[in-house]
Amino acid sequence: MLRAQRGDARAYEELVRPHQEIAFRVAYVITRNAADAEDAVQDALIKAWRALGRFRAGEPLRPWLLRIAANEARNRRRSAGRREGLALRAAASPGEAAPSPEEALLNRAQRERLLGALEELPEPARAVLAYRYLLDLSEDETAAALDVRRGTVKSRSARALEKLREAYGTGA
Amino acid sequence: MELERELRDLDVEWPQTPELRLVLGERTRRRSRRPLYAAIALVLVALAAAFAVPQSRGAILRFLHLGGETIQFVDTLPPAQERPLGEGLGTVVSFDDARIVVPGLLLPQLSEQPPLRLSGNVISIVFRHNGEPVLLSAVRQDGSFLKKLAGGQTSAEWVQVAPNSWGVWLSGAPHVFFFPREPARLAGDTLVWVNGTTTYRLEGPSLTKSEALEVARSLRYPRKG
């Protein structure tokens, strides 16, 4: 970190490379468009580099980077002014083996329905659930990406889960 | 809890994470005069070497590396389309954001500023000069993004834009221009030059060499407001 803060670009690259994928996905949840998410993260990495002097050594880098990437994604979505359709899809193969092909198909359809219900939520609800449950971000990281307090993450998650439950149906 | 577990178990198909480029150099944070002189020397060497290479029947006849732009002289041009100058230039950005991508960015002095656009690490602006549309693109010298292919019917002339700023005037037959993430485009007469750490490219369908140099010499840091 010290080397990067002194202007060593290679040291900076080593620092941020492990976080590029999660930053891209955090941005993608907001932009719902891969090209815009890519541009957002690209710009975020440059901005983070230029702001690195203000970063407090000893603090975790990932939430700070995610905050910048999410901000860039929000700016980009505002300037693009468009709303993409369904962005996320359930993967073709489920995590655990299904007892029969029919059941596997039903499981897949159920997961697609859950993702569909999630996609239809308003952005604050959709983003907090995507960050907490799909990307498995910590509460602190989610708070940074959403630019809200940690307490807000808890209350927003609870409300978002309620909305999702209404849309998707309990237990199914 | 059931719903939370179902959400956690969702296996989502995320788009593939792109290869993000950290186009950064020491120059971004520290500036000295030495890189400027080194850059000019490199341009001179590259130009001299390029024009010294004899014509051959090989696919690539000559290379010109000019700041963030590479010009290849080839015997056969690849297929390319004629498209409007302002197409595919990226999203609109503020001047402050544009300056983060291209720190040395200078712009034409206009009564009404058209939007700046960002694609990859290239900042572009389309404006009117003598009533005709002109495209100005700028890339940081370490960006290495812009690429051109020129055939034998395109001539390249070395020009001096300012005491410490050199460039090439490409004229004659159209050349093929590659902009980030866009299909190849046929481009007309173009001035490419390096100013400090920034490479500029200026193209207009009816732009003459003297007009291009006039525009290049008029670029300034824009007034606020």
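Key figures
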{"item": "Enumeration of residues in the stretch B:91-127 that are of a type outside the set (G, A, S) and in a helix (DSSP H, G or I)", "result": "B:F95, B:D96, B:D97, B:R99, B:I100, B:V101"}
{"item": "Of all residues in the stretch A:13-36 being out of contact with any Lys or Arg (no Cβ under 8 Å at 6 or more places or on another chain) and at the interface with chain B (Cβ under 8 Å from one of its Cβ atoms), the one that is surrounded by the fewest Cβ atoms within 10 Å (Cβ to Cβ)", "result": "A:E21"}
{"item": "Count of residues meeting criterion [within 11 Å of another protein chain (Cβ to nearest Cβ) and either surrounded by fewer than 15 Cβ atoms within 10 Å (Cβ to Cβ) or within 24 Å of A:L65 (Cβ to Cβ) (or both)] in the stretch A:116-130", "result": "2"}
{"item": "Lone unmet requirement of (1) in a loop (DSSP other than H, G, I, E, B); (2) at pLDDT 80 or above for A:E96", "result": "(2)"}
{"item": "Extreme residue, modelled with the lowest pLDDT, among residues of the stretch A:46-70 that are aromatic (F, W, Y) and buried (at least 17 other Cβ atoms within 10 Å of the Cβ)", "result": "A:W49"}
{"item": "Only one of A:E103, A:E84, A:E112, A:E141 that is among the acidic types (D, E), surrounded by 15 or more Cβ atoms within 10 Å (Cβ to Cβ) and at pLDDT below 85", "result": "A:E112"}
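This table checks each residue for (1) touching a helix residue (DSSP H, G or I) at 6+ places or on another chain (Cβ under 9 Å); (2) within 23 Å of B:V92 (Cβ to Cβ).
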site: A:R25; (1), (2): yes, no
site: A:E38; (1), (2): yes, yes
site: A:L52; (1), (2): yes, no
site: A:E59; (1), (2): no, no
site: A:R62; (1), (2): yes, no
site: A:I68; (1), (2): yes, yes
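The values are calculated or read from the model by the stated rules, or taken from the named source; none is laboratory data. Fair warning: this is a prediction, and the values are worked out from it, not measured in the lab. Every residue, glycine as well, gets a Cβ built from its backbone with ideal geometry; the counts of neighbours run over all protein chains shown.
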